[in-house]
Amino acid sequence: MSLRRILLSAPILSLASIAHAAAAAAPANAHAAATATPDLPERLVDLLLERVGVSTTGGNTATHWSIFAGVLVVAWFTRKFVTTAVFAVLKRLAAQTETTLDDKLFPALEDPFKSMVFVIGSYAALKVLRMPAPLSHLVDVAYKIAFPVVIFWGILRTIDAVIEHLGELAKKKGMGIAAFLPLIKKTVIVLSVVVGALTVIQGFGYDVKTFLTGLGIGGLAFALAAQDTLANLFGSLVVAVDQPFRVGDFVQIGSHTGTIEDIGMRSTKVRTAARTLIALPNRMVANEAIVNFSRMPQRRIDETVGLTYDTTPEQMERFLPDLRKLLRDDPDLHTESIWVCFAGYGDSSLNVEIIYFTASPSWEKHLEIKERINLKIMRLVADHKLAFAFPTRTLQLDAGSINALRPPAARA
């Protein structure tokens, strides 16, 4: 059996042994057990004392003090074993894995586990001794507080390690949710503390339903008073999870177009082409249609070249193939998405439609490519002895109209 499997199965075997011993020590009368059931460590101590023949009533003898010291020594050695053996092996195994989560998780759980052994060992040792009722009750109260506190301390350390690991992954991948992980971490920690406190309170027999009812009413009043703030908060979470854009993306949100500069808890800041900064509430961002220009695989360019009507069909047939070759030979164009055709007859020109895509979606690069292609088209038109058309109008005048336009002295 591998060392990893032994380490994983050891806690399960220990729990099974404890459960078996507890079951053997359980009272036969179920009603008595329901009304006055001791805690598990106390039950195990009573079982130990019965096995060694030590009385559980009366005063403390030398045997009681010897067992008390022995339990403390066993607890101390167990604590050292957990620290120097179990967690040392777990850390070495974690160093061999690809993920870094276990590298953070095992060190985070080491102190809570040591504290757990100390709490259980100390409580078991004290229960060996026959103490006055008030002092025994005080020890029970301390244990009922310390045990869940250590449990929830381990839970909080686990949450901290997991969220820290997720934050590193989110930052590495450039995910927008990285900005919200501190808030998520604080929220989860607060909820864990509240649950832990309620667990401790209920462990003393208090009813927490009234507190939860009041908390629900107070939460409703708070939600009504801060609904805009909460709407912006939930909007920011939607943006973080859905990730329609990232910082630096060029986007259009509703009627606003610009570059994302910051994604905050309340608003998203957009820098427009006029260099103004717009703060858009996140609840509006979450409800608007968002166009992300930065995520286009290529950028499309449409052009219309108008040639004069004195262009002959033969000239057009020679010009179009050369124009297609000019575009396909350009290294910055997407060669599989180029269309050139003699599209139709305009009012003043023979229209040649050109559609092509730049290989880069960058706005600045697209403008550079468009300028270079337009200059190449101008040279190609000149090489083919063609001319660009511009709006012209021909007026047909009869003799009477021409005569009317002449000066009076020159009229026939």
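The values are calculated or read from the model by the stated rules, or taken from the named source; none is laboratory data. Just so it is clear, the structure is predicted and the values come from calculations on it, not from any experiment. Positions of Cβ are backbone-derived with ideal geometry, glycine not excepted, and every protein chain shown enters the neighbour counts.
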Boolean, Arg393 is without any contact (Cβ under 8 Å) to a residue 60 or more places away in the chain and assigned by TED's automatic domain parsing to the domain that holds Phe319: no
Positions within region 92-115 being more than 17 Å from Gly154 (Cα to Cα) and part of a helix (DSSP H, G or I), in sequence order: Arg92, Leu93, Ala94, Ala95
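Would you pick out the residues in region 349-387 that are of a type outside the set (A, V, I, L, M) and touching a strand residue (DSSP E or B) at 6+ places or on another chain (Cβ under 7 Å)? Don't jump to the end; show me each part of the working.
Within region 349-387, the first condition is being of a type outside the set (A, V, I, L, M), and the residues that meet it are 349, 351, 353, 356-358, 360-366, 368, 370-372, 374, 376, 379, 383-385.
Those that are of a type outside the set (A, V, I, L, M) and touching a strand residue (DSSP E or B) at 6+ places or on another chain (Cβ under 7 Å): Ser349, Asn351, Glu353, Tyr356, Phe357, Thr358, Pro361, Trp363, Lys365, His366, Lys370.
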The lone exception for Val305 - which of (1) outside the structural domain of Gly248 (by TED's automatic domain parsing); (2) surrounded by fewer than 16 Cβ atoms within 10 Å (Cβ to Cβ); (3) of a type in the set (A, V, I, L, M, F, W, C) it fails: (2)
Answer from Glu336, Glu364 - the residue that is touching a Phe, Trp or Tyr at 6+ places or on another chain (Cβ under 9 Å), at pLDDT below 90, within 25 Å of Asn292 (Cα to Cα) and surrounded by fewer than 17 Cβ atoms within 10 Å (Cβ to Cβ): Glu336
Only one of Val270, Val251 that is assigned to a strand (DSSP E or B), touching a Pro at 6+ places or on another chain (Cβ under 9 Å) and either surrounded by 15 or more Cβ atoms within 10 Å (Cβ to Cβ) or modelled with pLDDT of 85 or more (or both): Val251
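Is it true that Glu314 is of a type in the set (D, E, K, R) and either at pLDDT below 85 or assigned to a strand (DSSP E or B) (or both)?
Numbers: of a type in the set (D, E, K, R): yes; either at pLDDT below 85 or assigned to a strand (DSSP E or B) (or both): no.
No.
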